[in-house]
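The values are calculated or read from the model by the stated rules, or taken from the named source; none is laboratory data. Owing to the predicted nature of the structure, the values given are computational and were not obtained by experimental measurement. For neighbour counting, all protein chains shown are included, and Cβ atoms are generated from backbone atoms with ideal geometry for every residue, glycine included.
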Number of protein chains: 2
Amino acid sequence: MTQHRVPAELSPVLTAATRAHEAAAGLAPLPRAAKDAALLAVADALLARTQEIVEANARDVERARTAGTAESVVDRLTLTPERVRAIASDVRDVAALPDPVGEVVRGSTLPNGIDLRQVRVPLGVVGIIYEARPNVTVDAAALCLKSGNAVLLRGSSSAYASNTALVGVVRDALEEAGLPADAVQLVPGESRDSVRELMRARGLVDVLIPRGGASLIRTVVEESTVPVIETGTGNCHVYVDAAADIDTAVDVLINSKAHRVSVCNAAETLLVHRDIADAFLPRALDALADAGVTVHADATVLAHAESSKATVVPADESDWETEYLSYDIAAAVVDSLDDAVAHIRRWSSGHTEAIVTTSQGAARRFTQLVDSTTVTVNASTRFTDGGQFGFGAEIGISTQKLHARGPMGLPELTSTKYIVTGDGHIR
Amino acid sequence: MTQHRVPAELSPVLTAATRAHEAAAGLAPLPRAAKDAALLAVADALLARTQEIVEANARDVERARTAGTAESVVDRLTLTPERVRAIASDVRDVAALPDPVGEVVRGSTLPNGIDLRQVRVPLGVVGIIYEARPNVTVDAAALCLKSGNAVLLRGSSSAYASNTALVGVVRDALEEAGLPADAVQLVPGESRDSVRELMRARGLVDVLIPRGGASLIRTVVEESTVPVIETGTGNCHVYVDAAADIDTAVDVLINSKAHRVSVCNAAETLLVHRDIADAFLPRALDALADAGVTVHADATVLAHAESSKATVVPADESDWETEYLSYDIAAAVVDSLDDAVAHIRRWSSGHTEAIVTTSQGAARRFTQLVDSTTVTVNASTRFTDGGQFGFGAEIGISTQKLHARGPMGLPELTSTKYIVTGDGHIR
């Protein structure tokens, strides 16, 4: 709680942040029942006012089409009655999750008789900066409410009408449930200036979570004085060890790369141990070809590709650092597990790396040496996900080391405080 | 692990950071025995080379005296053979603490049979920026080593000779123990520019912990692109509730204020419920006078002070936000517990606040509503301390909400990673 001096005339963004800060004080001590009742009211209101939401969304969609936006982006922007029902159902799921607030993380009686407890408390005000997916608006609001936080939502201007409608519905439902409506607010203004103001609102905003493209995230990380949780960039690797089972390696590779190419936990680079290259690469290259994947190959992989049906192009250094998010993969042969680790250490974004091996020793060494949010052994990189990990929900995947690393569920939206209880204890 | 491009000619600070980053990779997988052996070697070397350390320190002390430095600061700077023995003994204590690295924080078998484990890992490279206390040099190095981190130490230029000698001893001992000497480095250069470079070394340095004055901490928080853990500022409050036991209230107040005035967990403001003011204030004012404390009083406290032996001056708004770190306390009468909470919410630095009360309901409400690292009930604010909490050691007291809050022990110097183990699992 850094002290903040509020100027006489507040900008719209700082006014919103101040209101959020005040709303957060009201949310923090709320019992679970009050928060869950509000979430269920939000779900009901989303269903009751679907028509209004879909109509607002239609204006965003029309504007996007007129602007010549790519159809895949328009699809992510679009809300149908069915999608609104799915959003409402997700809100109910969040209501059903355990409340992280109040959990005793550590506790003991000290030698002098003092009772010490470390308990989870809300962070306070969470700012989310995201792109054109209106479902994130409600998801983020629900997760923040459940964890006792107020939220400032800064969505894409291309979803402004949709977000305004959704947040209006959420706020009305909160008010009817007796919670402060200002617990959920859209950040006013559609320009980049509003993001900049949010990043300087230290003392009013407790954390910023940027979700979206690499350039947005870099800007926030570099310019924000509000603490940031960096999310999302995933230059993930699959390393096929000398001792890999070939069928397993092909399955894990294809699933990691091609199950869904536009997501951060998709594989972007394949590393193959030299001793298994002759046996593995022909199978792998054909399977990648069948999945429609273009291979950006080093010299050794290129040589193997001549006799395959794969689409192959020569790789240069830039391929090792590229997060394609497309039907492309970089591929190289390495001399050892340690060389694979060195490659990953140099080029990875630290999201998820997989090893395929039957060797317990290799698995142990790889998991010890690789410094990423998640290391998988004989499993697809696609498992790095709050839903897959059983968290019930996810506000993003942190690729930083401080506070939260990997998929973030409700506990990652909390801080802690210590409660020290004595009988007049002094030092 | 953000990617970093290393320019052809590195500055001395970035060279040190790059070496630390490389050393950190070697430290991370070390078993506890190797780290503890190195720490014991450091302790032995400190004892064996005490003469050399004390001589180097004498140069700093002479320089400080010549510059007319206050005697209290000179005292904190001074190393005697006895103090070096105490530092060596602290290093042995750190060796005896459990290793946080490898601890499984969460673990389960998912419904699909995947084994999921969240394991503690070192942060990587920790940068510590601190003032003229050479004992911090060795303390911080020991805690970082034990938790598998490399450390970059940026001490005060006034302790440069002492720090150079101490770090030389530590590095020699590490090398003899087979650990990378670059795990412990002094940041080269004595100017502010070296701090600035450290703050921009994102991707090489994983976290910066500034320990020291408010202006240093503010600069680091505002200018650093490396994640920061804010420490130290403590504008702590003692609230004496309507239902307080008067003897307990006087004891807790005097201990919180006067046990040691120069520390961040000392009380700086007294808030008294109106209903107990007549009974409590005469006793409190006399006790504060006996302890040599000047009271910066609001109108109601001033009125009570007329009949006491207290030294009293009228308070203005600036008193509510001042961390005196001296024999001074601000004092005000409030109408209710909620008004005390509102005062704390407005003015506190969020470090530690105490309530003295016999009412279970008041204790519960105060601990729920006050949003600080630590809330004490019938106990001195002075208990907010890693040693008192039983952590065995402390790298500082975080006053921020992200990553670590309150006293930071070894677990707070770690991050986590997820290890996902399957049998060829795909989605």
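Numerical summary
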item	result
Residue list for the range A:166-217, restricted to those being closer than 14 Å to A:VAL125 by Cβ, in a loop (DSSP other than H, G, I, E, B), among the aliphatic types (A, V, I, L, M) and away from chain B (no Cβ under 14 Å)	A:VAL187
Criterion violated by B:ALA404 - all others in (1) facing chain A (nearest Cβ under 7 Å); (2) closer than 28 Å to A:PRO411 by Cβ; (3) not in a helix (DSSP H, G or I) satisfied	(1)
Residue list for the range B:407-427, restricted to those being within 9 Å of chain A (Cβ to nearest Cβ) and part of a loop (DSSP other than H, G, I, E, B)	B:ILE426, B:ARG427
Residues located in the range A:71-98, provided they are over 12 Å from A:PRO134 (Cα atoms) and touching a Leu at 6+ places or on another chain (Cβ under 8 Å)	A:ARG85, A:ALA88, A:VAL91, A:ARG92, A:VAL94, A:ALA95, A:LEU97, A:PRO98
When residues of the range B:372-396 are limited to those that are among the β-branched types (Val, Ile, Thr) and modelled with pLDDT of 95 or more, the one farthest from B:ALA258 (Cα to Cα)	B:THR373
Given (1) modelled with pLDDT of 95 or more; (2) part of a loop (DSSP other than H, G, I, E, B), index of the condition B:LEU116 fails	(2)
All positions within the range B:374-401 that are facing chain A (nearest Cβ under 10 Å), touching a residue at least 24 places away in the same chain (Cβ under 8 Å), assigned to a loop (DSSP other than H, G, I, E, B) and small (Gly, Ala, Ser)	B:SER380
Unique residue being without any contact (Cβ under 8 Å) to a residue 60 or more places away in the chain, at the interface with chain B (Cβ under 7 Å from one of its Cβ atoms) and outside any strand (DSSP E or B) when the list is A:ASP339, A:ASP371	A:ASP371
Check on A:LEU77, on the phi < 0 side of the Ramachandran plot and touching a residue at least 60 places away in the same chain (Cβ under 8 Å)	yes
Matching option when the condition is surrounded by fewer than 16 Cβ atoms within 10 Å (Cβ to Cβ) and out of contact with any strand residue (DSSP E or B) (no Cβ under 7 Å at 6 or more places or on another chain), among A:ARG283, A:ARG345, A:ARG274	A:ARG283
The one condition in (1) assigned to a loop (DSSP other than H, G, I, E, B); (2) within 14 Å of chain B (Cβ to nearest Cβ); (3) at pLDDT 95 or above that A:VAL263 fails to fulfil	(3)
Unmet criterion (only one of (1) surrounded by 19 or more Cβ atoms within 10 Å (Cβ to Cβ); (2) in contact (Cβ under 8 Å) with a residue 24 or more places away in the chain) for A:VAL61	(2)
All positions within the range A:286-312 that are in contact with a strand residue (DSSP E or B) (Cβ under 7 Å, 6 or more places away or on another chain) and of a type in the set (D, E, K, R)	A:ASP298
The range A:96-148, subset more than 14 Å from every other protein chain (Cβ to nearest Cβ) and of a type in the set (Ser, Thr, Tyr), residue surrounded by the most Cβ atoms within 10 Å (Cβ to Cβ)	A:THR137
Any hit, the range B:231-248, residues being more than 18 Å from B:HIS343 (Cβ to Cβ), more than 8 Å from chain A (Cβ to nearest Cβ), modelled with pLDDT of 95 or more and in a helix (DSSP H, G or I)	yes
Filter pass, A:ALA332 being more than 12 Å from chain B (Cβ to nearest Cβ), surrounded by fewer than 24 Cβ atoms within 10 Å (Cβ to Cβ) and under 23 Å from B:GLY148 (Cβ atoms)	no
Residue, nearest to the other protein chains (Cβ to nearest Cβ), within the range B:218-230, restricted to residues that are in contact with a Pro (Cβ under 9 Å, 6 or more places away or on another chain) and hydroxyl-bearing (Ser, Thr, Tyr)	B:SER224
Residue match in the range B:182-193 (condition: of a type in the set (D, E, K, R) and modelled with pLDDT of 95 or more)	yes
So B:VAL207, is it crowded, with 17+ Cβ neighbours inside 10 Å, among the β-branched types (Val, Ile, Thr) and farther than 19 Å from B:GLY350 by Cα	yes
So B:GLY350, is it within 13 Å of chain A (Cβ to nearest Cβ) and either outside any helix (DSSP H, G or I) or touching a residue at least 24 places away in the same chain (Cβ under 8 Å) (or both)	yes
Total residues in the range B:348-359, condition among the polar types (S, T, N, Q) and surrounded by 18 or more Cβ atoms within 10 Å (Cβ to Cβ)	4
Any hit, the range A:50-62, residues being touching a Lys or Arg at 6+ places or on another chain (Cβ under 8 Å) and modelled with pLDDT of 95 or more	yes
